[in-house]
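What follows is one structure encoded as structure tokens, with my remarks underneath.
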Amino acid sequence: MKIKCPYCGVRDQGEFSYEGDATIKRPQTDDADAWREYVYSRNNPRGPHKELWSHIAGCRAWIVVERNTLTHEVYNSYLPGENKDD
Amino acid sequence: MRYSGFNLIKNALSGHKNWQPAWRDPEPKSDYDVLIIGGGGHGLATAYYLARNHGITNVAVLEKGYLGGGNVGRNTTIVRSNYMLKANAHFYEHSLKLWEGLSQDLNYNVMFSQRGVLNLAHTPGQMDAYARRANAMRLNGIDAELLDREQTRQFIPMLDYSENARFPIAGGLLQPRGGTARHDAVAWGFARGADLRGVDMIQNCEVTGFLRDGNTIQGVETTRGTIRAKKIGLAVAGNTTTLTEKLGMRLPIESHVLQAFVTEGLKPFIDTVVTFGAGHFYISQSDKGGLVLGGDLDYYNSYAQRGNLPTVEHVLECGMAMLPSLSRIRILRHWGGVMDMSMDGSPIITKTSIKGLYLNCGWCYGGFKATPASGWVFAHTIANDQPHEYNAAFTLDRFEKGYLIDERGAGPVPKAH
Ligand SMILES: Cc1cc2nc3c(=O)[nH]c(=O)nc-3n(C[C@H](O)[C@H](O)[C@H](O)COP(=O)(O)OP(=O)(O)OC[C@H]3O[C@@H](n4cnc5c(N)ncnc54)[C@H](O)[C@@H]3O)c2cc1C
Ligand SMILES: [Zn+2]
């Protein structure tokens, strides 16, 4: 796999560290069910997945990557906060 | 037909033309007492023990591909019970005891070989941690031996004990009763045993949806039609959440890819299983002579059943650091499997909030060795609608209640377990 870092360009996957599902949101309440979902539950899709990677052996930025978990195709990558839908 | 020396000779005299297939290939019925989804090790063992231990034989195993085509046929066959936490220790030790009698029980040679499993240590800190683990194991009645550097060298002399070793070997934790088994034979043996007792093996039958009446499960939709049952057990390993999402359930599971490798065949070289303690690498030798080796996950969510090259390089580098003589051996084959990584590294074997639906998942790296015990306790849970003592802790609600079984202390990060 190759991943495009917004700062460094297209780089080998080996330079990046996987940081997990990018869609989970920290709850704004103290409701236990909401916290269980946030800490432990994942959609784990078989197909397109929005996820966080950090460019650990490069500029060290955290980035959002849209990638297919079945084919490993990387569609898109950008800085967190750049996409209004996130 | 029972497999025996007598039957072998009898069939040899007739040119081996009269052997029967090891299981039937029936059409699915419209109704069963119990459906098991997934014809991997756990699904097949569950069907076997439902029939053997509980007399429940109106059962079908539904498999989307062929029996044993999933992780049960892709793993590196290590069997051990060197766990520290109580729930895991008792469960995996029960499994190891079942392994010790499995070939006889199944009348099928699973080639279980108790050649020992050795975890290397490279620092005094690691030796202390292994001493602690060994003590916990012994207190739980499990065999464990702490080896110092010299004892390790005697046990497995071909590792790098030189001055140049990047990570000098300090010693290791040995479980002498651990070892390996023939993975395909485990799937085939359980399938044959269940079939002989009347269980239907339905292959090329993918479950695509569920029938339910409110909160009660009633059956499944499959590529071979609708099949009804009051009780359904899910044992689909890395594909668990693709099915539970159809039921509106979210689980503490992520699917990740794990790769493995086999080299060209060699004369006997390594007579145990050994794991590197300073990186991600382990190795053993199969009865055909190939070295069987692997490392850690690729560390990203994947359903691809194949991995990427950085992990290949990493695993082989670790192998070279531990066992420099690997350098001239060629890799013959290499593959990946989809692992159901749980949020605390321990399995989930439980009833669910849906009546009649039972869940078996979260096997991470270690589900092969669990196969007999997993089938044993899952069959018990399905037959009695309550858990066996050995899976009572493997619930879903342990996550929200704080009763995690986190052997590595790695926290809710599936890739880290
Ligand atoms: C490379 C590798 C090395 C490993 N090494 C070891 C090891 O050394 N020791 C150890 O203990 N464990 C090891 N494991 C882990 C172990 O193999 C698994 O935890 C275990 O096999 C999982 O249980 P199973 O056998 O039931 O899974 P599988 O064999 O994967 O069975 C699940 C079955 O469900 C079927 N299925 C999926 N979806 C559907 C559907 N919708 N409808 C019908 N059927 C479906 C699949 O086709 C599959 O056959 C390893 C795994 C891998 C990938
Ligand atoms: Zn960068």
Could you compute the FRET efficiency for B:Phe269 and B:Asn384, with r as their C-beta to C-beta distance and R0 at 56 Å, rounded to 0.05? 0.75
Helix axis angle, B:86-100 relative to chain B longest principal axis, alpha carbon, degrees: 80 degrees
For region A:2-78, what's the relative contact order in percent, using C-alpha pairs closer than 8 Å and at least 6 residues apart? 33 percent
Any idea which of B:Met127, B:Gly336, B:Leu297 is furthest toward the positive side of the dipole for chain B, if Lys and Arg beta-carbons carry +1 and Asp and Glu beta-carbons -1? B:Gly336
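Rounded to two decimal places and with Rh computed the Kirkwood way over Cα pairs, what is Rg over Rh for region A:2-78?
Numbers: Rg = 14.1 Å, Rh = 13.5 Å.
Checking Rg against Rh, the ratio lands at 1.04.
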Would you calculate a helix-derived [θ] at 222 nm for chain B, using -39,500 (n - 2.57) for each DSSP H run of n ≥ 4 and dividing by the full residue count, to the nearest 500? -8500 deg cm²/dmol
Mind giving me the nanometre distance, one decimal, between the label points for A:Asn83 and B:Lys288, set 7 Å out from Cα along Cα→Cβ? 4.3 nm
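Could you compute the FRET efficiency for B:His280 and B:Arg328, with r as their C-beta to C-beta distance and R0 at 25 Å, rounded to 0.05?
Values: r = 22 Å, r/R0 = 0.88.
Rounded to the nearest 0.05, the efficiency is 0.70.
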Within 15 Å, Cβ to Cβ, of B:Tyr365, how many net charges do the neighbouring residues add up to if Lys/Arg are +1 and Asp/Glu are -1? -2
Positive end of the charge dipole of region B:311-403 (Lys, Arg +1 and Asp, Glu -1 on Cβ, about the Cα centre): tell me which of B:Ser374, B:Ile349, B:Val315 has its Cα farthest that way. B:Val315
Along the charge dipole of region A:2-78, Cβ charges K/R +1 and D/E -1, which of A:Leu52, A:Pro27, A:Thr71 sits furthest on the positive end? A:Thr71
Per-selection metrics, the protein assembly as shown (Cα): Rg and Dmax in Å: 23.3, 76
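Considering every residue in B:303-310, what mean count of other chain Cβ atoms within 10 Å of its Cβ is obtained?
Values: counts 10, 6, 1, 1, 2, 5, 4, 6.
Mean number of neighbouring Cβ atoms from other chains: 4.
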Derived scalar couplings ³J(HN,Hα) [region B:189-203; Karplus, 6.51 cos²θ - 1.76 cosθ + 1.60; whole Hz; x for Gly, Pro]: x, 5, 4, 5, x, 5, 4, 4, 8, x, 6, 8, 9, 10, 9
What cysteines in the protein assembly as shown have no other cysteine with a beta carbon less than 4.7 Å from their beta carbon? A:Cys59, B:Cys205, B:Cys318, B:Cys361, B:Cys364
Helix B:41-54 sits off the longest principal axis of the Cα atoms of chain B, rounded to the nearest 10 on a 0 to 90 degree scale, by 60 degrees
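Give the ranking of B:Trp19, A:Trp53 by solvent-accessible surface, highest area first, calculated with a 1.4 Å probe. Mind dumping the intermediate values first?
Working: B:Trp19 85, A:Trp53 5 Å².
Result of the area sort, largest leading: B:Trp19, A:Trp53.
Could you size up the charge dipole of region B:39-158 around its Cα centre, putting +1 on the beta carbon of Lys and Arg and -1 on that of Asp and Glu, and report it in debye to the nearest 20?
On the way: 12 positive and 9 negative charges, 39 e Å.
That gives region B:39-158 a dipole magnitude of about 180 debye.
Please give the per residue accessible area of region B:227-303, computed with a probe of 1.4 Å over protein heavy atoms only, in Å².
Working: 2390 Å² over 77 residues.
Value returned for region B:227-303: 31 Å² of accessible area per residue.
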Test assert for region A:1-33: residues whose accessible surface shrinks by at least 40 Å² between chain alone and all chains, 1.4 Å probe, equal A:Gln13, A:Tyr18
Do any residues of region A:55-80 lose at least 10 Å² of accessible area when the full set of protein chains is present rather than just their chain alone, and if so which, with a 1.4 Å probe? A:Arg67, A:Thr69, A:Leu70, A:Thr71, A:His72
If you take the beta carbon distance between B:Asp213 and B:His54 as r and set R0 to 35 Å, what does 1/(1 + (r/R0)^6) give as a FRET efficiency, to the nearest 0.05? 0.90
Spin-label zone in region B:390-417 - amide nitrogen under 19 Å from a point set 7 Å from the Cα of A:Ile24 along the C-beta vector: B:395-417
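Where the only charges are on Cβ atoms (+1 Lys, Arg; -1 Asp, Glu), what is the dipole of the protein assembly as shown about its Cα centre, to the nearest 20 debye?
1080 debye
Can you compute the charge dipole magnitude of region A:2-78 about its Cα centre, using +1 on each Lys and Arg Cβ and -1 on each Asp and Glu Cβ, nothing else charged? Give it in debye, rounded to the nearest 20.
Details: 11 positive and 11 negative charges, 52 e Å.
My answer is approximately 260 debye.
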Lys and Arg at +1, Asp and Glu at -1: add these up for the other residues within a Cβ distance under 15 Å of B:Asp184 and post the number. +3
Keeping the other protein chains in place, figure out the carbon and sulfur percent of the accessible area of region A:2-78, with a 1.4 Å probe. 49 percent
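Cα-Cα pairs above 14 Å in region B:221-280: how many percent?
Working: 1370 of 1770 pairs.
Value for region B:221-280 (Cα pairs over 14 Å): 77 percent.
Can you pick out the pairs among B:Lys351/B:Lys415; B:Lys267/B:Lys369; B:Lys29/B:Lys231 whose Cα atoms lie more than 19 Å from each other?
Exceeds cut-off: B:Lys351/B:Lys415; B:Lys267/B:Lys369.
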Mind pulling the angle between the C-alpha long axis of helix B:124-139 and the longest principal axis of chain B? Nearest 10 degrees, somewhere in 0 to 90. 40 degrees
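Counting only heavy atoms of protein chains, what accessible area per residue, in Å², does chain A have with a probe of 1.4 Å? Before the final figure, lay out each step's value.
Values: 4840 Å² over 86 residues.
Here the per-residue accessible area is 56 Å².
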By how many nm would the segment from B:Arg153 to B:Leu8 grow when fully extended, if each residue of separation counts as 0.36 nm and the alpha-carbon distance is taken off? 48.0 nm
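Given a 1.4 Å probe and no ligands, DNA or RNA in the count, how much accessible surface is buried by A and B, both sides, to the nearest 100 Å²? Please report the intermediate quantities before stating the final value.
Working: alone 5990 and 18370 Å², together 22100 Å².
It comes to approximately 2300 Å² buried between A and B.
The values are calculated or read from the model by the stated rules, or taken from the named source; none is laboratory data. Predicted model only: the values in this text are computed from it and were never measured. Counting neighbours? That spans all protein chains shown, and the Cβs are built from the backbone with ideal geometry, glycine included. For the accessible areas, the whole protein counts, side chains as well, though only heavy atoms, and no ligand, DNA or RNA atoms are used. Shrake-Rupley method; radii C 1.70, N 1.55, O 1.52, S 1.80 Å.
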